Amino acid sequence: MLECEYFTSGLCNACAWIDSAYSEQMILKIHATKELLHPVFRTEHPDALWLEPVTSPRWRYKNKATMTVSGTSEIPILGVLPDHDDVGVDITGCPQFPKEMEFVFAAIQNMVAAAEIQPYQASTNTGELKTIEVTISPANELMLRFVVRTGAALTPLRTYLPILLKPLAKQRLPARVVSVCVEDDREYALHGKYLTLQIDDLPLQVASTSRFNTNPHVTKYLYRQARAWADEVGADNVWDLFSGVGGFGLTMARCDTPNPRVPRTIWGIDACQESVRAANITAHNMGYRDVARFVLGDAARLDRYNVADLAVVTPPTPEGLCALAAQFNETGPKHLLYCSAYPVQLAEDLVKLNNYVPIAARLFDMYPNTPHAETAVLLERI
Ligand SMILES: C[S@@+](CC[C@H](N)C(=O)[O-])C[C@H]1O[C@@H](n2cnc3c(N)ncnc32)[C@H](O)[C@@H]1O
């Protein structure tokens with residue numbers, strides 16, 4: 001049984017199911033997901049569509065920590081902030097994260113204290129430092145992001161950066177990216193731009209503003225499944241809509257069929273400039289520049305879906321597919337791969353996609369010890 005001192009002492013409830021056996025958690029997740037989706041699967045035998053669920057390690061599975069900063073500049077607290085409170089709970093020993101993160105959190109606390117940066121206090125709207133985000137790669141390289149209230153924290157963060165970078169490098173935890181997000185303003189790069197998250201043969205580049213899956217073990221199987229489905233339906237042209245850093249598309253660029261007819265071409269679109277850049281850099285590094293291209297834009301405003309054989313859709317919440325569902329119904333590709341961590345939204349969109357039927361589905365346990373999971377559904381045009 002998983003032991004977490006923060007949970008048992010009532011300080012943190014983020015992993016609300018931590019007390020339940022993992023097999024029980026999976027049963028509950030599968031049941032809840034099926035209950036939502038089966039009524040909209042439009043088949044008499046919905047159970048037959050499901051592949052074996054993909055499970056996760058229960059401990060140390062998460063490569064990204066987002067910590068609220070509170071306390072004082074002398075003793076900053078990194079953790080969670082109870083509602084209506086200015087004093088947070090230190091969760092730097094959280095067992096979701098790799099053990100190395102504890103050293104990183106301590107190094108950040110030292111630097112914040114040395115630079116005398118005041119944590120933000122909501123009750124008085126004073127102080128600067130709101131949150132810190134730490135991403136650790138499989139090679140133990142880091143991406144660090146400071147979210148601050150105003151530009152006042154920029155100079156001390158720049159000046160005291162060596163106090164953070166040196167001990168990390170000495171501990172063999174080199175920071176490849178350090179950035180500052182000034183709320184309602186912009187992102188400032190203090191050091192480097194991209195971190196490599198290696199997933200199977202994919203050297204995925206991620207930037208500080210990128211959205212990416214934070215459970216690399218499960219993501220590996222999600223991407224493998226996407227490629228297997230693309231192979232199965234014989235897709236030659238894949239569109240990766242809401243492509244982020246391009247993980248789906250770039251995994252699918254390689255066909256695993258014994259006799260691929262032509263190289264599979266990938267075209268991706270995302271609204272985040274740095275993610276699009278990152279995806280194109282990964283494509284270049286993999287030698288896929290001629291087959292995979294990612295562009296900046298609004299995925300909801302495209303109207304030429306029929307040039308793709310398969311479109312991968314991972315829409316943001318709560319928006320979902322919106323107008324795209326109607327466009328897909330009219331001129332969409334033969335197959336869609338819809339992947340979402342929000343089954344309610346997925347169910348609503350499946351109802352809207354009335355010219356498609358699900359032909360396969362799989363649950364990916366991205367968030368162990370919580371009620372949440374990721375579901376991927378492969379749909380075919382009727
Ligand atoms: C849930 S993330 C999926 C990212 C990626 N496909 C993955 O699985 O790692 C949603 C992505 O949609 C992008 N996005 C949000 N609204 C968009 C829009 N209107 N057009 C294109 N991309 C959008 C965000 O920048 C983000 O990268």
Sorted from fewest to most neighbouring beta carbons within 10 Å, what does the list 351, 54, 182, 357 look like?
-> 351, 357, 182, 54
Using the alpha-carbon centroid of each, what span in Å lies between segment 183-261 and segment 308-380?
-> 17
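Sort 56, 23 so that the residue with the fewest other Cβ atoms within 10 Å of its own Cβ comes first and the one with the most comes last. Write down the numbers at each step before the final one.
Working: 56 20, 23 9.
Going from least to most buried by this count: 23, 56.
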In nanometres, the difference between 0.36 nm per residue of separation and the alpha-carbon distance of residue 30 and residue 224 is 67.8 nm
Near residue 166, which aspartates and glutamates are there with a Cα under 15 Å away, not counting those fewer than 8 places off in the same chain?
-> 141
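In the neighborhood of residue 92, defined by Cβ-to-Cβ distances under 13 Å, what is the net charge if each Lys or Arg adds +1 and each Asp or Glu adds -1?
Working: positive: 99; negative: 5, 90, 100, 102.
Counting the neighbours of residue 92, the net charge comes to -3.
Of the listed peptides 26-36, 145-155, what is their order by residue-averaged count of other C-beta atoms within 10 Å, with the highest listed first? Spell out each step's value before the answer.
Values: 26-36: 15.6, 145-155: 17.8.
Peptide ranking by packing, descending: 145-155, 26-36.
Which of 45, 191 has the fewest other C-beta atoms within 10 Å, and how do the rest follow up to the most? Please list the in-between numbers first.
On the way: 45 8, 191 15.
Starting with the residue having the fewest Cβ neighbours, the order is 45, 191.
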Within straight-line cross-link reach of residue 62, aspartates and glutamates at Cα separation under 14 Å, skipping those fewer than 8 residues along the same chain | 100, 102, 133, 365
Loop-resident GluC sites (Glu not before Pro) in segment 165-236 with no more than 10 other Cβ atoms inside 10 Å, DSSP not H/G/I/E/B, are none
Using the alpha-carbon centroid of each, what span in Å lies between segment 1-75 and segment 99-163?
-> 28
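Readers should treat all values here as calculations from the given coordinates under stated rules, not as data from a laboratory. This one's a predicted model, so the numbers in the text were calculated from it and none came from an experiment. When we count neighbours, we look across all protein chains shown, and the Cβ atoms used for this are built from the backbone with ideal geometry, even at glycine.
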